[in-house]
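A.B. asks: Sharing a structure, written as structure tokens. Questions coming.
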Amino acid sequence: MSHRIVSKKQLSEDVFTAKVEAPLVAQARRPGQFVIISLNNEYAERIPLTIAGVDLREGTISLIWQRVGKTTAELSDLQPGDEIANVAGPLGNPTELEKFGTVVCVGGGIGLAPLLPIAEALKAIGNRIISIIGARNKELLILEEEFARTSDELIITTDDGSEPLAELCQAEPKPDKVFAIGPAIMMKFCCDVTRQFDVPTEVSLNTIMIDGTGMCGGCRIEFDGKAKFVCVDGPEFDGHKVNFDLMMKRLSAYKSAEQKEHERYKDHRCKVSEIKEKE
Amino acid sequence: MTDSERRQLLHDLLQKQENGGLKPRDRYEIPPQDMPEQDPVVRAGNVNEVATGYTETHARIEALRCLGCKNAPCVNGCPVRIRIRDFVVEIAEGRYEQALSIIKENSLLPAVCGRVCPQENQCQLTCTVGKRFKDPTRAVSIGRLERFVADRDGRSESVPAVAAETGKKVAIVGSGPGGIVAAADTRRAGHEVTLFEAFHKPGGVMVYGIPEFRLPKAIVQNEIDTLAKMGVKIVCNFIVGKTRTVQQLLEEDGFDAAYIGVGAGLPNFMGIEGESLVGVYSANEYLTRANLMKAYGYGSCADTPIARSKAVAVVGGGNVAMDAARTALRLGAEKVYLVYRRTEKEMPARIEEVHHAKQEGIEFHILQSPKRILGDQNSQVTGVECLKYELGEPDDSGRRRPVAIEGSEFTIDLDTVIIAIGNKPNPLISQTMPELEITKWGTIVVNEETMATSVPGVFAGGDIVSGAATVILAMGQGRIAAAGINEYLAKKDK
Ligand SMILES: Cc1cc2nc3c(=O)[nH]c(=O)nc-3n(C[C@H](O)[C@H](O)[C@H](O)COP(=O)(O)OP(=O)(O)OC[C@H]3O[C@@H](n4cnc5c(N)ncnc54)[C@H](O)[C@@H]3O)c2cc1C
Ligand SMILES: Cc1cc2nc3c(=O)[nH]c(=O)nc-3n(C[C@H](O)[C@H](O)[C@H](O)COP(=O)(O)OP(=O)(O)OC[C@H]3O[C@@H](n4cnc5c(N)ncnc54)[C@H](O)[C@@H]3O)c2cc1C
Ligand code: SF4
Ligand code: FES
């Protein structure tokens, strides 16, 4: 099955989006689910990416990714017409959509990508949506327009979002539910806030994965003192029970090695483009 | 024995056979032929196959050890009833092609089975020669002979004949040994067959679990290529239960029958403190990174990293544990400990793997088991606290139950722990098929004569039915299921 990139756009310095042919995945997908992709059959890494949206008529899924390492950098260099060798999914459990009442959606950085379809779906079934969206600085903020369209109230921040969240939680009536998706540290801070106010909080976890079907256990986290597999038990969890500190340590298990790989790829890329220029 | 001595021996034996024949006593005296292998020190530094295989001389001498027993007890020890005596006799006569076709009557993957079957618990356990020496490792080396004729065949170009198209569609789910055989046999009957695999590469455990040094990937790929040449459609990255459900395949996509062979892929953990620390792997994760994702090439060609460990403990005593330990060694670990709570006698691993592991310098810590895993402030593993055990009364499995010795705690310093204490079935498919009958362990219930499940048109085999078992059992069940499917489809016609 071929997975051609039909269109691609750069959203900010390091964030890209593309529509990719994957008709069966598009058909089966529900909000909250992800795919695992890899760029060739022999030596490439398998990485998980959330399905940000689907176009059933075209048979495509949209992906939004941030260039953080070798594989996402290589992906960023692909152009419309190029193929992604492997796309498997949809994986993970769909978001449990319910009419909660007032829902605060807190998204940070690339976490805005998975958050958007959830916010849209929640809105569609009648929830009142307050979105707190943030990035390290204003230039890195993505999907602002889309969130503005979906939200009844929109708050933009360059922090982890826990401050405005605390304000909302202090107000009467407090929100009925919070969805927080972003860097682990941001989700941790948000959960620390909502725990104080007893507001149920759903987080979507981005652990390191291989198969995405429960077969390796590499994605496991400590949840309420017990091991859970993010790919089959999640990716969404009650954030108040997640051991974020341990999860962050596991996320950086290969950090220094991966930085080297990314540097190497960047070097290689520079050389290739130099050669191309000379030609 | 040097090569020329070996050739001389064969010459003498053949001569003797011609002049009046070899008596059983003569045959008992023939020295069992070891298989040539890479030097332990050299091979610990590469991922190439450890045992390099018999030469023709080895094979014929070994085959001459066979007594040609009338009742052929070896055949009863074989889960798929290969006519062992008959193929061994053909090898002794130098008729290798005949030998291979006898094997292929019952087994489609002799190059695989010759390498990975636990012969000492099967055909070689019941072999008369082994019985006489009271040692199955001194029986006729049936597995090595099987491998010899299969390898000699090389990358066989011969493609099994396919019957006229029936217009019926069969879905095979999972490309492990059971799925491969089921696909071949249903395709041979003329059905249109699609093989669905969740991973990006077909082959099942033979590709992502069992390492290259024990089962070269090219052998498995060859079998997959043969399927493709027969006209089996192979679809990877297709997770049945997620991409499409079995119901959708049958009701919307036009498949008339399905075989479920998804294996027992879910790793067990011990449930002890520290199991989620950085540096703790399930054997599945460790082996998948190393094999399928080729993490040994990280930094030069491959993109998937793996811990570069100094000291590793592998917990468990099966083939999976041996594979993980020997892989860790090849990835550069200076010390590899195998921690097992019973004794070597109870280890479920193939004897040859235990032997190879020891030869390569894996340190066996028997009658011990981890109590908790220790880490530093970065949550990186620093050691494991173990308890010593002794054997008590036999348990349900008939093996003596290990009992912890109170107060016997001690610590091993290390940076990586690999848990290899078994796998259980993946509920991905059964969760989406409430009408499918499963046991309390999550394995699928089947009618053993046809491998039919509780859902009409759906058959199953391999580890998803037996729990973590063996390649040959999975193959055998794949074959029975294919026969079941062929019969079901023939009836469906009317
Ligand atoms: C269910 C799920 C959904 C995801 N959805 C998206 C998405 O929609 N868009 C997107 O950009 N990313 C998403 N991610 C994260 C994405 O998978 C990683 O960014 C990617 O694996 C990095 O690969 P790489 O080779 O480019 O970088 P690597 O070289 O593997 O890593 C580079 C750096 O990123 C860190 N890192 C590694 N893996 C992750 C991770 N899983 N999450 C965060 N940091 C990581 C490492 O510590 C390392 O320092 C998702 C992850 C999960 C588990
Ligand atoms: C490390 C290791 C070493 C072993 N060593 C030996 C040995 O020496 N000798 C021996 O006899 N046995 C050995 N075994 C056991 C043997 O490999 C298994 O018993 C055998 O492979 C089971 O075959 P199977 O047909 O059930 O499929 P498996 O080989 O288990 O393959 C199942 C396939 O189905 C795929 N799949 C799973 N879910 C889905 C889905 N939902 N949709 C599509 N595809 C799916 C999987 O990705 C996999 O490729 C070993 C096992 C391991 C893990
Ligand atoms: S039992 Fe052993 S000696 Fe007898 S026929 Fe079989 S392989 Fe030969
Ligand atoms: S990614 Fe392997 S078990 Fe979750």
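The values are calculated or read from the model by the stated rules, or taken from the named source; none is laboratory data. Everything numeric in this text was worked out from a predicted model, so none of it was measured. Don't worry about glycine lacking a Cβ; one is built from the backbone with ideal geometry, like all the others, and counts go over all protein chains shown. Side chains are part of the model used for accessible areas, which takes the heavy atoms of the whole protein and leaves out ligands, DNA and RNA. Shrake-Rupley method; radii C 1.70, N 1.55, O 1.52, S 1.80 Å.
A.B. asks: Using the Kirkwood radius over Cα pairs, work out the Stokes-Einstein diffusion coefficient for the range B:1-46 at 25 °C and 0.890 mPa s, in µm²/s as a whole number.
C.D. replies: 191 µm²/s
A.B. asks: Could you give me the ³J(HN,Hα) list for the range B:304-317, computed from phi with Karplus coefficients 6.51, -1.76, 1.60 and θ = phi - 60°, whole Hz, x at Gly and Pro?
C.D. replies: Once θ is set to phi - 60°, the couplings for the range B:304-317 become 9, x, 8, 4, 9, 9, 9, 10, 10, 10, 10, 9, x, x Hz.
A.B. asks: A further question on this structure: Could you give me the percent of Cα pairs per 10 Å distance bin for the range B:222-292, shortest bin first, beginning at zero and ending with the bin that holds the maximum distance?
C.D. replies: Taking every Cα pair in the range B:222-292, the percentages come to 14, 30, 30, 18, 8, 0.
A.B. asks: Compute the whole-percent fraction of alpha carbon pairs in the range B:252-328 spaced more than 19 Å apart.
C.D. replies: 49 percent
A.B. asks: Output the 0 to 90 degree angle, nearest 10, between the alpha-carbon long axis of helix A:184-197 and the longest principal axis computed from the alpha carbons of chain A.
C.D. replies: 10 degrees
A.B. asks: Okay, next question. GluC sites (Glu not before Pro), restricted to the range A:6-53: which are DSSP loop and have at most 16 other Cβ atoms within 10 Å?
C.D. replies: Details: sites: A:13, A:21, A:42, A:45; in loops: A:13, A:42, A:45.
Filter output for the range A:6-53: A:13, A:42.
A.B. asks: Could I ask something else about it? Tally Lys and Arg at +1 and Asp and Glu at -1 over the other residues with C-beta under 14 Å from the C-beta of residue A:151: what net charge comes out?
C.D. replies: Net local charge, residue A:151 excluded: -3.
A.B. asks: Out of the trypsin sites (Lys or Arg not before Pro) in the range B:122-151, which ones are loop residues according to DSSP with at most 12 other C-beta atoms within 10 Å?
C.D. replies: Taking the range B:122-151 and a limit of 12 other Cβ atoms within 10 Å, the loop trypsin sites (Lys or Arg not before Pro) found are B:134.
A.B. asks: Over all directions, average the projected area of the Cα convex hull of the range B:118-167 and note it in nm².
C.D. replies: Averaged projected area of the range B:118-167's Cα convex hull equals 5.8 nm².
A.B. asks: Amide H neighbours of residue B:298 under 5 Å, counting only residues 5+ apart in sequence or on other chains, H built in-plane at 1.01 Å?
C.D. replies: Counting only residues 5 or more places away or on other chains, the set is empty.
A.B. asks: Moving to a separate point now. Taking Cα pairs under 8 Å and at least six residues apart, what relative contact order does chain A come out at, in percent?
C.D. replies: Here the relative contact order equals 16 percent.
A.B. asks: If we restrict to alpha carbons, what Rg and Dmax does chain A come to, in Å?
C.D. replies: Every Cα atom of chain A included, Rg and Dmax give 18.8, 66 Å.
A.B. asks: Sorted by accessible area (1.4 Å probe), largest first, how do A:6, B:50 line up?
C.D. replies: Details: A:6 55, B:50 5 Å².
Descending order: A:6, B:50.
A.B. asks: Can I ask one more? Above 23 angstrom, tally the Cα pairs of the range A:134-279 and express them as a % of all pairs, no decimals.
C.D. replies: On the way: 5447 of 10585 pairs.
In whole percent, the share of Cα-Cα pairs in the range A:134-279 beyond 23 Å is 51.
A.B. asks: Here's another thing I want to ask about it. I'd like the projected area of the range B:1-117, averaged over all directions, using the convex hull of its alpha carbons. Report it in nm² with one decimal.
C.D. replies: One quarter of the hull surface, i.e. the mean projection, equals 8.6 nm².
A.B. asks: With a 1.4 Å probe and all protein chains kept in place, how do B:298, B:488 rank by accessible area, largest first? Present the calculation step by step, with values, prior to reporting the outcome.
C.D. replies: Details: B:298 45, B:488 70 Å².
Heavy-atom accessible area, descending, gives B:488, B:298.
A.B. asks: For the range A:132-149, take each phi angle, set θ = phi - 60°, evaluate the Karplus expression 6.51 cos²θ - 1.76 cosθ + 1.60, and give the result in whole Hz per residue in order, putting x for glycine and proline.
C.D. replies: Running phi through 6.51 cos²θ - 1.76 cosθ + 1.60 with θ = phi - 60° gives 10, 10, x, 7, 4, 9, 4, 5, 8, 6, 10, 6, 4, 4, 4, 5, 4, 5 Hz.
A.B. asks: With a 1.4 Å probe on protein heavy atoms only, tell me which residues of the range A:33-72 lose at least 20 Å² of accessible surface in the complex relative to the chain by itself.
C.D. replies: Correct list: A:41, A:42, A:43, A:44, A:45, A:46, A:70.
A.B. asks: Now, a different point. Can you list the aspartates and glutamates whose alpha carbon is less than 20 Å from that of residue B:23, not counting same-chain residues fewer than 8 positions off?
C.D. replies: Result set, ordered by chain and number: B:12, B:62, B:86, B:90, B:93.
A.B. asks: Now for a separate question. How far apart, in nm, are the 7 Å Cα→Cβ label points at residue B:491 and residue B:86?
C.D. replies: 3.0 nm
A.B. asks: Ok, one more. Report, in debye and to the nearest 20, how large the dipole of the range A:149-218 comes out about its Cα centre when Lys and Arg carry +1 and Asp and Glu carry -1 on their Cβ. List each step's numbers first, then the result.
C.D. replies: Working: 5 positive and 12 negative charges, 45 e Å.
The dipole magnitude comes to about 220 debye.
A.B. asks: Between A:111, A:134, A:217, which gets the highest mean-square fluctuation from a Gaussian network model of chain A, Cα cutoff 10 Å?
C.D. replies: A:217
A.B. asks: Turning to a different aspect of this structure: How large is Rg/Rh for chain B, to two decimals, with Cα atoms and a Kirkwood Rh?
C.D. replies: 0.98
A.B. asks: Between helix A:112-124 and chain A, what is the angle of the helix's C-alpha long axis to the longest principal axis, kept within 0 to 90° and rounded to the nearest 10?
C.D. replies: Relative to chain A, helix A:112-124 is tipped by roughly 50 degrees.
A.B. asks: Measure out, as a whole number of angstrom, how far apart the alpha-carbon centroids of the range B:414-489 and the range B:1-75 sit.
C.D. replies: One Cα centre to the other: 38 Å.
A.B. asks: Given H placed 1.01 Å from N in the peptide plane, which residues other than close sequence neighbours of residue B:259 have an amide H under 5 Å from its amide H?
C.D. replies: HN-HN under 5 Å from residue B:259: B:171, B:172, B:173, B:459.
A.B. asks: Here's something else I'd like to know. Within 10 Å, at most 15 other Cβ atoms, and a DSSP state outside H, G, I, E, B define an exposed site. Report the longest part of chain B free of exposed GluC sites (Glu not before Pro).
C.D. replies: Numbers: sites that count: B:93, B:157, B:165, B:252, B:334, B:406, B:409, B:435, B:437, B:448, B:449.
Of all site-free stretches, the longest is B:1-92.
A.B. asks: What number, in percent, do you get for the relative contact order of chain B if the mean sequence gap of Cα pairs under 8 Å and at least 6 apart is divided by its residue count?
C.D. replies: Numbers: 1028 pairs, mean separation 71.4, N = 494.
It comes to 14 percent, rounded to a whole number.
A.B. asks: Name the trypsin sites (Lys or Arg not before Pro) in the range A:1-96 that are in a loop by DSSP and that have at most 16 other C-beta atoms within 10 Å, would you?
C.D. replies: Qualifying residues, ordered by number: A:57.
A.B. asks: Right, another one. Give, rounded to the nearest 20 debye, the magnitude of the charge dipole that chain B has about its Cα centre when Lys and Arg contribute +1 at Cβ and Asp and Glu contribute -1 at Cβ.
C.D. replies: Value, rounded to 20: 780 debye.
A.B. asks: Another one. Please list, ordered by chain and number, the residues whose modelled amide H lies under 5 Å from the amide H of residue B:234; skip anything fewer than 5 residues away on the same chain.
C.D. replies: B:195
A.B. asks: Now, a different point. With a cut-off of 8 Å between alpha carbons and a minimum separation of six or more residues, what is the relative contact order of the range B:137-226 in percent?
C.D. replies: It rounds to 26 percent for the range B:137-226.
A.B. asks: How big is the B/A interface in buried accessible area, both sides summed, 1.4 Å probe, to the nearest 100 Å²?
C.D. replies: So the buried area, both faces added, is about 3700 Å².
A.B. asks: Roughly how many debye, to the nearest 20, is the charge dipole of chain A about its Cα centre, given +1 on each Lys and Arg Cβ, -1 on each Asp and Glu Cβ, and no other charges?
C.D. replies: 480 debye
A.B. asks: Quick check on my link table: of A:188/A:260; B:335/B:424; B:169/B:242; A:226/B:201, which ones sit more than 25 Å apart, alpha carbon to alpha carbon? Mind showing how you got there, number by number?
C.D. replies: Values: A:188/A:260 28 Å; B:335/B:424 29 Å; B:169/B:242 21 Å; A:226/B:201 32 Å.
Too far apart for the 25 Å limit: A:188/A:260; B:335/B:424; A:226/B:201.
A.B. asks: With θ set to phi - 60°, apply the Karplus curve 6.51 cos²θ - 1.76 cosθ + 1.60 along the range A:24-36 and write out the HN-Hα couplings as whole Hz, x wherever there is a Gly or Pro.
C.D. replies: 5, 5, 4, 5, 8, 5, 10, x, x, 8, 9, 10, 10
A.B. asks: Right, next: Largest first, please: the extent of the C-alpha atoms of the protein assembly as shown along each principal axis, to the nearest Å.
C.D. replies: Sorted from largest, the Cα extents of the protein assembly as shown read 102, 70, 66 Å.
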